[in-house]
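The values are calculated or read from the model by the stated rules, or taken from the named source; none is laboratory data. If you're wondering where the values come from, they're calculated on a predicted model, not measured in any experiment. Reconstructed Cβ throughout: ideal geometry from the backbone, glycine too, with neighbour counts over all protein chains shown. Surface areas here come from the heavy atoms of the whole protein model, side chains and all, with no ligands, DNA or RNA. Shrake-Rupley method; radii C 1.70, N 1.55, O 1.52, S 1.80 Å.
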Amino acid sequence: MRCPFCHNPDSRVIDSREADEGATTRRRRSCPACGRRFTTVEEAVLAVVKRSGVSEPFNRSKVVAGVRRACQGRPVDEDQLQQLAQQVEDAIRASGVAEVPSHEVGLAILRPLRELDEVAYLRFASVYRAFTSVEDFEKEITELRARHHTGGTPPLPGMQLDPPAPRRRGGRTQPAPPGT
């Protein structure tokens, strides 16, 4: 590593520490020529290869922006979007490759989004998988329902597949209150 002060091409590492939950490494260095010390930060670069073949650094804010559009009007807050984007980045980094196709980023978004909000998931999947008919939606909804009935992905808290049966009160039938 070149010294930023005297531009000597060599430096010695004095101390190394992980930062940002292991995503970066901070190194304290010393220049043998001028004796000054400086810190460097190393980060593994994760690149996304777009359909056009262009490679660009992974950008978590792009994930958030895309998912935010699918979540418009849904009960999803900014913290949940940031958490989802972190899950996506973690999943991609766990694959161990330095460059991932943009298609893989989309796949990495689908599972946590399905667990976060199924309506937003359907919106995102319809664009990502290029749904062309009502049958495409029906097929996806059928798969979502099958996951619930087989215990694949549990329903979201407070979510019910079938409305509760009406309860009788005072001689007349009233719908059950939400959450019962």
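Below, the figures for the structure above:
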{"read-out": "Members of segment 119-139 found to be open to solvent by less than 60 Å² (accessible area, probe 1.4 Å), in contact with a helix residue (DSSP H, G or I) (Cβ under 6 Å, 6 or more places away or on another chain) and of a type outside the set (A, V, I, L, M, F, W, C), listed by number", "value": "121, 128"}
{"read-out": "Cβ-Cβ under 7 Å pairs, at least 6 apart or on other chains, segment 70-96 side closer than 10 Å to residue 112 by Cβ, far side assigned to a helix (DSSP H, G or I) and of a type in the set (Lys, Arg)", "value": "85/60"}
{"read-out": "Odd one out for residue 142 among (1) open to solvent by 70 Å² or more (accessible area, probe 1.4 Å); (2) assigned to a helix (DSSP H, G or I); (3) touching a Lys or Arg at 6+ places or on another chain (Cβ under 9 Å)", "value": "(3)"}
{"read-out": "Residue 71 being touching a Cys at 6+ places or on another chain (Cβ under 7 Å) and on the phi < 0 side of the Ramachandran plot", "value": "no"}
